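The values are calculated or read from the model by the stated rules, or taken from the named source; none is laboratory data. This is a predicted model, so every value here is computed, not measured. Counting neighbours? That spans all protein chains shown, and the Cβs are built from the backbone with ideal geometry, glycine included. Ligands, DNA and RNA are excluded from the accessible area calculation, which covers all protein heavy atoms including side chains. Shrake-Rupley method; radii C 1.70, N 1.55, O 1.52, S 1.80 Å.
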Amino acid sequence: MRPLSAQLYTVREALKASPKETLEEVASIGYTRVEPFDLVNTGRSLREDLQRLNLTAPTAHMRLLDADRPAVFEVARELGVECVIDPFIDPERWTSREGVTSVAEDLKGIAAEARDQGLRIGYHNHAFELENTIEGTPALEVFADLVGDAVELEVDTYWAQVGGVEAPELLKRLGERVTAIHVKDGPGTTRNKDQVAVGSGDMPVEAILAAAPAALAVVELDDSEGDLLAALRASYAFLTTK
């Protein structure tokens with residue numbers, strides 16, 4: 001069975017209200033991995049419960065460019081995080097080759113800092129990195145060529161599709177540079193609450209999984225009209241049959 005991770009941003013409200021119980025529910029579903037977010041502010045508070053529940057956090061989200069990076073890396077090491085993923089960089093910087101090049105240089109520099117701490121870094125896309133093109137090539141792919149293997153990619157397959165690119169084909173083109181994917185489902189709109197449990201929307205989930213067989217699959221909903229823990233449960237049930 002393919003290992004699955006759950007992005008904890010999905011259950012952020014429940015986690016804030018009842019962290020212990022929420023993590024217990026995530027673990028009871030069957031997830032053995034989670035992806036924390038806002039690592040410096042929330043990471044340490046999760047540590048004891050993650051250990052107690054045998055949940056690992058191989059990846060985590062934290063904006064890196066303006067962060068106190070020594071603090072980020074310290075928390076990451078304490079939680080056993082292997083790759084810290086920047087989840088968002090100013091959309092304006094993805095509109096020109098100069099902008100994309102500057103993003104690549106910034107993250108390559110941070111990757112060198114992380115290597116000294118025994119960590120890796122990655123980048124997670126939204127729609128705009130695919131909507132914006134540089135001489136006909138999606139900005140995310142230009143970025144991937146510029147960073148090479150210095151910066152890993154966590155492709156959010158839903159937002160890639162919203163950005164106008166077929167997610168399975170994108171994953172095939174990016175190949176081994178993709179070490180994690182966000183697997184989510186819905187009608188492919190920009191409205192977060194339209195998202196649904198994986199397997200109950202319009203995304204080509206099976207083709208996505210087949211296109212990135214070695215990537216860590218991270219289940220996420222940015223939001224939903226339905227119950228988010230129930231959506232994590234239904235997503236797990238669907239994906240563990242694939």
Checklist entry - Among the residues of the stretch 41-66, which ones are surrounded by fewer than 18 Cβ atoms within 10 Å (Cβ to Cβ) and either part of a helix (DSSP H, G or I) or modelled with pLDDT under 95 (or both)? => result Asn41, Arg44, Ser45, Arg47, Glu48, Asp49, Gln51, Arg52, Asp66
Checklist entry - Any residue in the stretch 154-173 that is open to solvent by less than 60 Å² (accessible area, probe 1.4 Å), more than 17 Å from the chain's Cα centre (by Cα) and closer than 22 Å to Val100 by Cβ? => result yes
Checklist entry - Applying the selection to the stretch 30-40, what residues are of a type outside the set (Val, Ile, Thr) and either more than 11 Å from Gly80 (Cβ to Cβ) or assigned to a loop (DSSP other than H, G, I, E, B) (or both)? => result Gly30, Tyr31, Glu35, Pro36, Phe37, Asp38, Leu39
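Being assigned to a helix (DSSP H, G or I) and either at pLDDT below 95 or open to solvent by 50 Å² or more (accessible area, probe 1.4 Å) (or both) is the filter; apply it to the stretch 1-18 and report the residue that is farthest from Asp38 (Cα to Cα). Outline the logic, then answer.
Looking only at the stretch 1-18, we keep the residues that are assigned to a helix (DSSP H, G or I), and these are 8-17.
Pick out the ones that are also either at pLDDT below 95 or open to solvent by 50 Å² or more (accessible area, probe 1.4 Å) (or both) and you get 9, 12-13, 16-17.
Working: Tyr9: 9, Arg12: 11, Glu13: 14, Lys16: 13, Ala17: 16 Å.
Out of the qualifying residues, it is Ala17.
Table: residues versus (1) modelled with pLDDT under 95; (2) out of contact with any strand residue (DSSP E or B) (no Cβ under 8 Å at 6 or more places or on another chain); (3) surrounded by 15 or more Cβ atoms within 10 Å (Cβ to Cβ); (4) part of a helix (DSSP H, G or I).
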position	(1), (2), (3), (4)
Lys108	no, yes, yes, yes
Arg115	no, yes, no, yes
Leu130	no, no, yes, yes
Phe143	no, no, yes, yes
Ala150	no, yes, yes, no
Thr179	no, no, yes, no
Checklist entry - Is it true that some residue in the stretch 144-161 is among the polar types (S, T, N, Q), touching a His at 6+ places or on another chain (Cβ under 9 Å) and in contact (Cβ under 8 Å) with a residue 24 or more places away in the chain? => result yes
Checklist entry - Is at least one residue of the stretch 89-97 open to solvent by less than 10 Å² (accessible area, probe 1.4 Å), in a loop (DSSP other than H, G, I, E, B), touching a Gly at 6+ places or on another chain (Cβ under 7 Å) and over 19 Å from Arg115 (Cα atoms)? => result no
Next on the checklist: I'd like the full set of residues that are open to solvent by less than 20 Å² (accessible area, probe 1.4 Å) and in a helix (DSSP H, G or I), limited to the stretch 212-242.
Outcome noted: Ala231, Leu232, Ser235, Leu239
Next on the checklist: Need pairs with beta-carbon distance below 6 Å; first residue within 18 Å of Val218 (Cβ to Cβ) and within the stretch 12-31, second in a helix (DSSP H, G or I) and among the acidic types (Asp, Glu); sequence gap 6+ or separate chains.
Outcome noted: Leu23/Asp49
